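The values are calculated or read from the model by the stated rules, or taken from the named source; none is laboratory data. This one's a predicted model, so the numbers in the text were calculated from it and none came from an experiment. Note that we place each Cβ from the backbone using ideal geometry, even for glycine, and neighbour counts take in every protein chain shown. When the accessible area is computed, the model is the full protein with side chains, heavy atoms only, and any ligands, DNA or RNA have been set aside. Shrake-Rupley method; radii C 1.70, N 1.55, O 1.52, S 1.80 Å.
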Amino acid sequence: MNELKKISVWIYVLYVILCVLALVIIGKVFYIQAIPNEDAQRRAAQFTYKLRDIDPERGRILASDGSPLSTSIPEYEIRWDSKGGYNIERFNAKLDSLSAGIAEILGDKSKEDVKQMFLKAVESGNRYMKVADHLNYNQMQRFKSLPYVKEKKLRSGFIISSKEKRAKPYGALAARTIGIFRESNMVGLEASYDSLLRGKSGKQMQQMVGGDTWVPMSDEFIVEPEPGFDVVTTLDVHLQDAAQSSLRHTMEVNRADWGCVILMEVKTGYIKALANLTYDSVANKFYEVENLALTQSVEPGSTMKLASLLAAMEEGNLDINKVVHTGGGTFTIGEHTLRDVKPCGSVTIEQVFAKSSNVGTAMVVRDVFGSNPQKFLDYLDRFGYGQLVGIDLLGEGKSSVKRTTKDPLWSDLSLTQMAVGYEVQVTPLHQLCFYNAIANGGKFMKPRLVSEIRKNGLTIEKFDPVVIRENFLKSETIAKGRKLMEAVTTIGTGKKTFLG
């Protein structure tokens with residue numbers, strides 16, 4: 001009986017000891033989890049694995065003929081893990097030839113420099129030594145062909161990663177329209193179509209080998225990254241080049257601070273060329289720093305006369321052959337005198353526009369709308385002034401046009417000033433769209449820079465021409481407007497340019 005009691009006591013004591021030991025272990029685990037020391041953190045870091053996002057290949061931006069305007073070019077980085085499970089005897093035997101091959105590829109290091117780099121990594125136990133970065137495709141292929149590297153069945157310790165570099169094959173051609181790809185403050189088509197160009201991230205299991213350095217555990221992906229869509233623009237490379245060169249030449253001749261050119265296809269509204277240049281007086285160079293055609297809302301000057309005369313002809317049922325007596329080329333309203341560059345005398349409305357007569361335009365508009373200037377403002381609203389034209393590019397500026405004669409800035413001068421392009425601000429794009437609408441028989445087209453979206457060469461979505469506004473003038477008035485524009489090139493200020 002005594003023996004049974006002794007055994008029971010020992011079992012009880014052993015049970016208590018085990019319980020206490022278990023509590024100590026649990027407490028220690030909790031302590032390590034809650035307050036890990038530096039050594040524990042260091043050890044944990046060596047065995048940290050994570051499923052990490054892998055950036056996909058960004059889609060291309062293409063010209064109308066399919067040539068790339070912006071594309072992603074891979075750049076490669078090579079690192080080496082001195083504890084990467086390679087055969088040390090084989091490595092030592094191939095070190096000289098390996099170093100010579102890498103030195104030849106890099107071009108800025110000697111064979112001995114590369115060799116010492118490897119030896120120091122082995123000595124220090126470096127698990128992520130940078131061998132080379134910013135390598136192009138051809139350089140990477142040369143590296144992969146090195147005898148020590150190309151034997152895929154044997155570990156080499158090398159870790160190869162790639163990242164995409166955005167490149168514009170045509171350089172500065174339409175640079176601001178194409179845009180800039182970056183993590184923040186993107187502009188142009190890169191920004192406007194980012195959600196399609198970006199693609200979908202993949203997933204890859206990676207190991208942290210120190211600090212915040214992660215390396216792939218293999219070349220395989222848990223989830224394959226999905227490349228972005230290709231965006232096909234309406235831009236014509238040859239027309240864009242001609243527009244940009246012509247703009248630069250004209251700005252040099254006229255010593256202009258800035259300028260822009262927009263070339264639109266009349267029937268579709270597709271933009272075939274879009275150039276913007278700003279003069280840098282310090283560098284004495286022209287740069288495309290802003291998409292001025294979209295953003296710069298300025299007083300349109302004489303280009304406003306088409307809208308003014310069409311409104312007057314529509315409201316007053318005037319013929320383009322109606323004679324306007326401009327006299328000596330001055331027109332006084334209150335204390336303000338409006339002047340022509342050259343006196344035109346008695347001219348038709350067609351000649352008023354062709355010769356860009358301020359006095360003739362102001363007289364016609366004053367005669368028709370003088371008793372009710374609000375009607376003139378209503379016509380401008382009907383033409384779309386003060387509204388966005390809706391181009392498929394971020395950053396479009398808005399026209400600034402008085403909508404009512406009760407506007408605090410309205411005065412007795414406002415009607416005739418607005419008629420010749422003052423006291424109103426319009427973007428070059430909007431003015432183009434209005435002129436295009438008259439050329440297009442009264443159909444105001446939505447300006448478009450992108451014609452389709454592609455994936456693997458196949459069309460996913462196609463954007464057809466869109467009519468924003470039509471029937472804003474009678475067909476007879478639209479026809480008169482076309483004759484006015486043609487007259488500029490035959491008898492007016494554009495004759496020398498068009499006929500030589």
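Overview of values
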{"item": "Thr416 vs. criteria at pLDDT 95 or above, loosely packed, with under 14 Cβ neighbours inside 10 Å and hydroxyl-bearing (Ser, Thr, Tyr)", "result": "no"}
{"item": "In segment 174-186, residue nearest to Gly395 (Cα to Cα) [restricted to those that are in contact (Cβ under 8 Å) with a residue 60 or more places away in the chain and open to solvent by 30 Å² or more (accessible area, probe 1.4 Å)]", "result": "Arg176"}
{"item": "Yes/no for Gly301 being under 26 Å from Gly441 (Cα atoms) and touching a residue at least 12 places away in the same chain (Cβ under 8 Å)", "result": "yes"}
{"item": "Complete set of residues in segment 333-352 that are open to solvent by less than 20 Å² (accessible area, probe 1.4 Å) and within 23 Å of Ser414 (Cα to Cα)", "result": "Ile333, Leu338, Ile349, Val352"}
{"item": "Any chance Glu288 is open to solvent by less than 40 Å² (accessible area, probe 1.4 Å) and either within 30 Å of the chain's Cα centre (by Cα) or touching a residue at least 60 places away in the same chain (Cβ under 8 Å) (or both)", "result": "yes"}
{"item": "Test: residue in segment 29-42 that is open to solvent by less than 60 Å² (accessible area, probe 1.4 Å), at pLDDT 65 or above and farther than 30 Å from Phe229 by Cβ", "result": "no"}
{"item": "Single match in Thr427, Thr416 (criterion: of a type in the set (Val, Ile, Thr) and over 27 Å from the mean Cα position of the chain (by Cα))", "result": "Thr416"}
{"item": "Enumeration of residues in segment 326-345 that are touching a strand residue (DSSP E or B) at 6+ places or on another chain (Cβ under 8 Å) and either charged (D, E, K, R) or at pLDDT 95 or above (or both)", "result": "Arg339, Asp340"}
{"item": "Members of segment 387-411 found to be more than 25 Å from the chain's Cα centre (by Cα) and either assigned to a loop (DSSP other than H, G, I, E, B) or at pLDDT 95 or above (or both), listed by number", "result": "Val401, Lys402, Arg403, Thr404, Thr405, Lys406, Asp407, Pro408, Leu409, Trp410, Ser411"}
{"item": "Residue count for segment 256-275, restricted to those that are over 15 Å from Val237 (Cα atoms) and acidic (Asp, Glu)", "result": "1"}
{"item": "Subset of segment 66-97 (residues that are among the charged types (D, E, K, R) and touching a residue at least 12 places away in the same chain (Cβ under 8 Å))", "result": "Glu75, Glu77, Arg79, Asp81, Lys83, Arg90, Lys94, Asp96"}
{"item": "Test: Gly386 is open to solvent by less than 10 Å² (accessible area, probe 1.4 Å) and either among the basic types (Lys, Arg) or without any contact (Cβ under 8 Å) to a residue 40 or more places away in the chain (or both)", "result": "yes"}
{"item": "All helices (runs of 4 or more DSSP H) inside segment 218-332 with 1 or more residues being out of contact with any Lys or Arg (no Cβ under 7 Å at 6 or more places or on another chain) and charged (D, E, K, R)", "result": "237-254, 305-316"}
{"item": "Segment 465-485: number of residues that are open to solvent by 100 Å² or more (accessible area, probe 1.4 Å) and charged (D, E, K, R)", "result": "3"}
{"item": "Any hit, segment 381-395, residues being farther than 30 Å from Ile180 by Cβ and of a type in the set (A, V, I, L, M)", "result": "no"}
{"item": "Which numbered condition Gly85 misses (of (1) at pLDDT 90 or above; (2) exposed (fewer than 15 other Cβ atoms within 10 Å of the Cβ); (3) part of a loop (DSSP other than H, G, I, E, B))", "result": "(1)"}
{"item": "Restricting segment 188-243 to residues that are of a type in the set (Val, Ile, Thr) and modelled with pLDDT of 95 or more, the residue that is surrounded by the most Cβ atoms within 10 Å (Cβ to Cβ)", "result": "Thr233"}
{"item": "Selection count where residues are of a type in the set (Asp, Glu) and either open to solvent by less than 60 Å² (accessible area, probe 1.4 Å) or touching a residue at least 24 places away in the same chain (Cβ under 8 Å) (or both), scope segment 253-284", "result": "2"}
{"item": "Filter result (among the charged types (D, E, K, R), in contact with a strand residue (DSSP E or B) (Cβ under 7 Å, 6 or more places away or on another chain) and open to solvent by 80 Å² or more (accessible area, probe 1.4 Å)) within segment 129-173", "result": "Lys130, Lys163, Glu164, Lys165"}
{"item": "Single unsatisfied condition, Ser124 versus (1) farther than 30 Å from Ile222 by Cα; (2) hydroxyl-bearing (Ser, Thr, Tyr); (3) within 15 Å of the chain's Cα centre (by Cα)", "result": "(3)"}
{"item": "Elements of type strands (runs of 3 or more DSSP E) in segment 426-495, at least 3 residues being charged (D, E, K, R)", "result": "450-455"}
{"item": "Output for segment 354-386, where each listed residue is of a type in the set (D, E, K, R) and assigned to a loop (DSSP other than H, G, I, E, B)", "result": "Lys355"}
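Every residue, every condition in (1) aliphatic (A, V, I, L, M); (2) open to solvent by less than 60 Å² (accessible area, probe 1.4 Å); (3) in contact (Cβ under 8 Å) with a residue 24 or more places away in the chain, yes or no:
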site: Val424; (1), (2), (3): yes, yes, yes
site: His430; (1), (2), (3): no, yes, yes
site: Cys433; (1), (2), (3): no, yes, yes
site: Asn436; (1), (2), (3): no, yes, yes
site: Asn440; (1), (2), (3): no, yes, yes
site: Met445; (1), (2), (3): yes, yes, yes
site: Val450; (1), (2), (3): yes, yes, yes
site: Leu458; (1), (2), (3): yes, no, no
site: Lys462; (1), (2), (3): no, no, no
